[in-house]
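**Student:** Structure incoming, see below.
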Amino acid sequence: MTTETILKSGNGKGSKQAAEQALAALPQPIAAYTPDTSPVRADVNLKDRTLWLCRMPYGGSRMLAAAFCSIGLDTRVTPDEDARTLELGAKYTSGDECYPQRIVLGDYLKLLEDQKLEPRKTAFLLPTANGPCRFGQYVGLLRRVLDELGYQDVEILSFTSADGYAGIGEQAGELIRTAWRAVLVQDILLKLLLMTRPYEIEPGSTDRVYLECLDLMGEIVARQKVPHKERMVALKAGLRRCKDKFAAIPVKKEDRPLIGVVGEIFCRLNTFANNDLIRHIEAQGGECWLAGVGEWVWYTNAEAFRRHREEKRRFRKEWLKTFLTARIMHKDEKALFEDFREVFASRPEPHIQELLEYARPYLPQEGAMGEMVLSTGGAIYLYHQGADGIVDISPFTCMNGIVTEAIYPRVSKDHDSIPIRVFYFDGTNRDLERDVGIFLELARTYKRRKKTAGRGKRSARNVSRAAEPEAHPGYSPTT
Ligand code: SF4
């Protein structure tokens, strides 16, 4: 009797050679990008191209585009998102990608497919990052889809410090400072918009003034060959004019519940992504306090300090660079917010250390990263500033929303049972009217039962900041 194994064909029992042949005939998966095959090229040539930016938010992208214009780059913001954005975004994704990625992809493809932009004259801005968040995959996916569709000539500019701001070259330093100021200008204008619009007597008047102010400030930010000092003088003068324009809008006196808005940065700032949730809240009687873009920039700075600390690089060259960057950022922030002390007295922006300390009992900075930390800290900060409810805007399936949703019941319990709710978005229709209505009822009830007006309002000074004293070397609106 033979002991030799008899190989039969079929059902996985064929020869090894046959199996190898079968495998070779299958479509090969595309290898993931590695640091050596990064889709972010270091020699992006933006000359004679138009650089396009997605909306995050619209006003912020307008200001950032203006900052790029200030170094001579023709830069524009993508047109309004619509159903075609989602159609194209869905067509070239598998369903595993996050919602913001679909919008960004759809918006950029719309320009090429529908507006027939010349690929050799087109570039897209898409920042990138490392870490567990899917954001780091955006650039790779966009590059792959563009290549597959025959748009190899379209350039992608990825705004990351990791590659020394490739493609911007010598003007990187100048651009970064102007871009930071543009971020601050956007945060100020958005704050004015949200503080005024719910109370306007003539519908649309605040939006009109906001757009006028974007034009005004965009022109100042976009001026070329202007020294930083001179630009700051012009920016301050421009912002004072904006303040006057907003102050001149006729408003009515109303006692509205104040709703703090935190969450994933793209979805909370892109009004298309979140089905204009803030307008829904305003229409049903609320006022919103939305976390701005500057918060994220400060967070990346705080993270850099944390890494220096963990890698024992304190007081070395890299640490000094981060420290000086923070000093300059604070200086510009102080200068631009200076004329708004009174206007924003009841809406002070938090210091990043304050947010991290508020989040610490639930998500310590050393153990958790990203927007989940900021949203948790932000929710508690807003509670202490007298908010009547907290809304967290999150793309469906985003880990940030999933984590914070698990934490919020405890956060709420620890803070007078303030209503907190995550609103998920994925581009499908939903009954937002009903959900917002229910949430505002909870917020109104909470507002009524607050023990005293301004209860729990706590100064940043009450929060321990021992963790990173060098991270806040100067001014912040709260200190
Ligand atoms: S935070 Fe969430 S939605 Fe945003 S890029 Fe990361 S995984 Fe996607």
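The values are calculated or read from the model by the stated rules, or taken from the named source; none is laboratory data. No experiment lies behind these values; they were computed from the predicted model shown. Cβ sites come from the backbone with ideal geometry, for glycine too, and all protein chains shown count toward neighbours.
**Student:** P477 passes all but one of (1) surrounded by 16 or more Cβ atoms within 10 Å (Cβ to Cβ); (2) at pLDDT 75 or above; (3) of a type outside the set (K, R); which number fails?
**Tutor:** Only one criterion in (1) surrounded by 16 or more Cβ atoms within 10 Å (Cβ to Cβ); (2) at pLDDT 75 or above; (3) of a type outside the set (K, R) is unmet by P477, namely (2).
**Student:** Is it true that some residue in the stretch 371-380 is touching a helix residue (DSSP H, G or I) at 6+ places or on another chain (Cβ under 8 Å) and either surrounded by fewer than 20 Cβ atoms within 10 Å (Cβ to Cβ) or acidic (D, E) (or both)?
**Tutor:** If we filter the stretch 371-380 for residues that are touching a helix residue (DSSP H, G or I) at 6+ places or on another chain (Cβ under 8 Å), which is where we start, we get 371-380.
Keeping just the survivors that are either surrounded by fewer than 20 Cβ atoms within 10 Å (Cβ to Cβ) or acidic (D, E) (or both) gives 371.
Yes, the conditions are met somewhere in the stretch 371-380.
**Student:** Sticking with this one: Go through the stretch 295-313 and report how many residues are without any contact (Cβ under 8 Å) to a residue 60 or more places away in the chain and more than 15 Å from I176 (Cβ to Cβ).
**Tutor:** Going through the stretch 295-313, the residues without any contact (Cβ under 8 Å) to a residue 60 or more places away in the chain turn out to be 298, 300, 304, 307-308, 310-313.
Next, from what is left, pick out any that are more than 15 Å from I176 (Cβ to Cβ): 307-308, 310-313.
Number satisfying all stated conditions: 6.
**Student:** For the condition within 16 Å of the ligand (Cβ to nearest atom), part of a loop (DSSP other than H, G, I, E, B) and farther than 18 Å from F124 by Cβ, what is the one hit in G95, G72? Break it down into steps so the answer makes sense when it comes.
**Tutor:** Numbers: G72 fails: within 16 Å of the ligand (Cβ to nearest atom).
Of G95, G72, the one residue that is within 16 Å of the ligand (Cβ to nearest atom), part of a loop (DSSP other than H, G, I, E, B) and farther than 18 Å from F124 by Cβ is G95.
**Student:** Now, a different point. Output the residues belonging to the stretch 413-446 that are of a type outside the set (V, I, T), surrounded by 20 or more Cβ atoms within 10 Å (Cβ to Cβ) and more than 16 Å from the ligand (Cβ to nearest atom).
**Tutor:** Across the stretch 413-446, the qualifying residues are P419, F439, L440, A443.
**Student:** Right, here's the next one. So which residues in the stretch 381-392 are crowded, with 22+ Cβ neighbours inside 10 Å and in a loop (DSSP other than H, G, I, E, B)? Lay out the reasoning, then the answer.
**Tutor:** Residues of the stretch 381-392 crowded, with 22+ Cβ neighbours inside 10 Å: 381-383, 387-392.
Across the stretch 381-392, the qualifying residues are A387, D388.
**Student:** Which of the numbered conditions does D153 fail, given that it passes all the others? Conditions: (1) modelled with pLDDT of 90 or more; (2) out of contact with any helix residue (DSSP H, G or I) (no Cβ under 6 Å at 6 or more places or on another chain); (3) in a loop (DSSP other than H, G, I, E, B).
**Tutor:** (2)
**Student:** Next question, about the same structure. Every residue in the stretch 393-409 that is within 7 Å of the ligand (Cβ to nearest atom) and crowded, with 20+ Cβ neighbours inside 10 Å, please.
**Tutor:** In the first step, residues of the stretch 393-409 are kept if they are within 7 Å of the ligand (Cβ to nearest atom); the result is 395, 398-400.
Once the filter is applied, which keeps residues that are within 7 Å of the ligand (Cβ to nearest atom) and crowded, with 20+ Cβ neighbours inside 10 Å, the stretch 393-409 yields P395, C398, N400.
**Student:** Test R327 against the stated conditions and say whether it is part of a helix (DSSP H, G or I), over 21 Å from the mean Cα position of the chain (by Cα) and either touching a residue at least 12 places away in the same chain (Cβ under 8 Å) or farther than 30 Å from V233 by Cα (or both).
**Tutor:** Working: part of a helix (DSSP H, G or I): yes; over 21 Å from the mean Cα position of the chain (by Cα): yes; either touching a residue at least 12 places away in the same chain (Cβ under 8 Å) or farther than 30 Å from V233 by Cα (or both): yes.
In short, yes.
**Student:** OK, next. P409 fails exactly one of the following numbered conditions: (1) under 18 Å from the mean Cα position of the chain (by Cα); (2) outside any strand (DSSP E or B); (3) within 20 Å of I438 (Cβ to Cβ). What is the number of that condition?
**Tutor:** So the condition that P409 fails would be (1).
**Student:** Out of F344, F337, which single residue is outside any loop (DSSP other than H, G, I, E, B) and in contact (Cβ under 8 Å) with a residue 40 or more places away in the chain?
**Tutor:** Values: F344 fails: outside any loop (DSSP other than H, G, I, E, B).
When all the criteria are applied, what remains is F337.
**Student:** Test of understanding: among Y165, Y210, which residue is at pLDDT below 95 and away from the ligand (no atom under 16 Å from the Cβ)?
**Tutor:** Values: Y210 fails: at pLDDT below 95.
Testing whether each residue is at pLDDT below 95 and away from the ligand (no atom under 16 Å from the Cβ) leaves just Y165.
Yes or no, residue by residue, for (1) surrounded by 13 or more Cβ atoms within 10 Å (Cβ to Cβ); (2) of a type in the set (D, E, K, R); (3) touching a helix residue (DSSP H, G or I) at 6+ places or on another chain (Cβ under 9 Å); (4) part of a helix (DSSP H, G or I):
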{"site": "L211", "(1), (2), (3), (4)": "yes, no, yes, yes"}
{"site": "E219", "(1), (2), (3), (4)": "yes, yes, yes, yes"}
{"site": "V226", "(1), (2), (3), (4)": "yes, no, yes, no"}
{"site": "R256", "(1), (2), (3), (4)": "yes, yes, yes, no"}
{"site": "R268", "(1), (2), (3), (4)": "yes, yes, yes, yes"}
{"site": "T271", "(1), (2), (3), (4)": "yes, no, yes, no"}
{"site": "R279", "(1), (2), (3), (4)": "yes, yes, yes, yes"}
{"site": "W289", "(1), (2), (3), (4)": "yes, no, yes, no"}
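**Student:** Name the single residue that is surrounded by the fewest Cβ atoms within 10 Å (Cβ to Cβ) among those in the stretch 228-245 being under 25 Å from S346 (Cβ atoms) and in contact (Cβ under 8 Å) with a residue 60 or more places away in the chain.
**Tutor:** Going through the qualifying residues, I end up with R240.
**Student:** Look through P361, P350 and report the one residue that is surrounded by fewer than 24 Cβ atoms within 10 Å (Cβ to Cβ) and either more than 14 Å from the ligand (Cβ to nearest atom) or basic (K, R) (or both). Give the steps one after another, and end with the answer.
**Tutor:** Working: P350 fails: surrounded by fewer than 24 Cβ atoms within 10 Å (Cβ to Cβ).
When all the criteria are applied, what remains is P361.
**Student:** How about the stretch 355-376: which of its residues are in contact (Cβ under 8 Å) with a residue 24 or more places away in the chain and over 22 Å from R421 (Cα atoms)?
**Tutor:** Passing the criteria: Q365, E366.
**Student:** Going through the stretch 63-78 one residue at a time, which ones are of a type in the set (G, A, S) and either out of contact with any strand residue (DSSP E or B) (no Cβ under 9 Å at 6 or more places or on another chain) or at positive phi (or both)? Write out each step before concluding.
**Tutor:** Of all residues in the stretch 63-78, those of a type in the set (G, A, S) come to 65-67, 70, 72.
Within the stretch 63-78, S70, G72 qualify.
**Student:** Right, next: Would you call L355 more than 16 Å from the ligand (Cβ to nearest atom) and crowded, with 23+ Cβ neighbours inside 10 Å?
**Tutor:** Details: more than 16 Å from the ligand (Cβ to nearest atom): yes; crowded, with 23+ Cβ neighbours inside 10 Å: yes.
Considered against the rule, which asks whether it is more than 16 Å from the ligand (Cβ to nearest atom) and crowded, with 23+ Cβ neighbours inside 10 Å, L355 comes out as yes.
**Student:** Can you report the number of residues in the stretch 98-135 which are in a loop (DSSP other than H, G, I, E, B), of a type in the set (S, T, N, Q) and away from the ligand (no atom under 11 Å from the Cβ)?
**Tutor:** Here is the first cut: in the stretch 98-135, the residues in a loop (DSSP other than H, G, I, E, B) are 98, 114-118, 126-133.
From what's left, of a type in the set (S, T, N, Q): 115, 128, 130.
If we keep only those that are away from the ligand (no atom under 11 Å from the Cβ) as well, we get 115, 130.
Summing the residues that are in a loop (DSSP other than H, G, I, E, B), of a type in the set (S, T, N, Q) and away from the ligand (no atom under 11 Å from the Cβ) in the stretch 98-135 gives 2.
**Student:** On to the next question. Going by the conditions given, is M369 assigned to a loop (DSSP other than H, G, I, E, B), within 19 Å of the chain's Cα centre (by Cα) and among the aliphatic types (A, V, I, L, M)? Outline the logic, then answer.
**Tutor:** Details: assigned to a loop (DSSP other than H, G, I, E, B): yes; within 19 Å of the chain's Cα centre (by Cα): yes; among the aliphatic types (A, V, I, L, M): yes.
So M369 passes the test.
**Student:** Any idea which residue in the stretch 46-69 is surrounded by the fewest Cβ atoms within 10 Å (Cβ to Cβ), counting only those that are in a helix (DSSP H, G or I) and more than 17 Å from the chain's Cα centre (by Cα)?
**Tutor:** Residues of the stretch 46-69 in a helix (DSSP H, G or I): 58-69.
Still in the list and also more than 17 Å from the chain's Cα centre (by Cα): 66-69.
Values: A66: 23, A67: 24, F68: 26, C69: 20.
If we take residues in the stretch 46-69 being in a helix (DSSP H, G or I) and more than 17 Å from the chain's Cα centre (by Cα), then C69 is surrounded by the fewest Cβ atoms within 10 Å (Cβ to Cβ).
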